[in-house]
Amino acid sequence: MNKEDKVETTENVVVKTENLPQHHFTDTDLQMEWKIMLKQLQVKNNFVFNAVKTFKLEKKEENKIRVLFPSDSAKVEFDKISGEFFNHFRKKVQNHAIEVEYERDTENLKIEVVTKKKIFEKFIEKNPLLRDLDDLMKFDLT
């Protein structure tokens, strides 16, 4: 009965970067801040830390940072913290014209998770009789 019609208004804030500082930063600055962020993540959110610890950040040009990521699922986790990290980094180095470029890099960053089942399958390749033993004993390799 006593419902009020609330009108929600949204404001779009556009920040012009040409008037903001654009100081020089080095790759060392970037790597140090990334390591600090990883240490904080390890304590705060271990799940996100495990997803993004293999990411590599590189300074590509004067105002460009390239982020190399291993998988799309890891990038989703990185997106949760990237805004906070890059905003902090922009303020720290006083360069608000930094652009971020993402690139998938599965070759160099791939970390294979070796499970008991995969290890057993490698042994089966060497000794096929193990498959018969597995059929007979029904090993739990989960």
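The values are calculated or read from the model by the stated rules, or taken from the named source; none is laboratory data. Everything numeric in this text was worked out from a predicted model, so none of it was measured. Here the Cβ is made from the backbone with ideal geometry for all residues, glycine too, and neighbour counts use every protein chain on show. The area values use the complete protein model at the heavy-atom level, side chains included, leaving out ligands, DNA and RNA. Shrake-Rupley method; radii C 1.70, N 1.55, O 1.52, S 1.80 Å.
Quick rundown of the values:
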read-out: Top-ranked residue of segment 69-86 - restricted to ones that are assigned to a helix (DSSP H, G or I) and of a type in the set (S, T, N, Q), ranked as most open to solvent (accessible area, probe 1.4 Å); value: SER73
read-out: Test: residue in segment 6-28 that is at pLDDT 90 or above, among the basic types (Lys, Arg) and out of contact with any helix residue (DSSP H, G or I) (no Cβ under 8 Å at 6 or more places or on another chain); value: no
read-out: Selection within segment 32-67 - closer than 16 Å to ASN95 by Cβ, in a strand (DSSP E or B) and not charged (D, E, K, R); value: LEU57, ILE65
read-out: Unmet requirement for ASN95, which otherwise passes all of (1) touching a residue at least 24 places away in the same chain (Cβ under 8 Å); (2) exposed (fewer than 13 other Cβ atoms within 10 Å of the Cβ); value: (2)
read-out: Condition met for VAL43 (open to solvent by less than 80 Å² (accessible area, probe 1.4 Å) and either at pLDDT 85 or above or within 15 Å of VAL100 (Cα to Cα) (or both)); value: no
read-out: Residue in segment 103-121 that is part of a helix (DSSP H, G or I), under 20 Å from ILE36 (Cβ atoms) and at pLDDT below 90 present; value: no
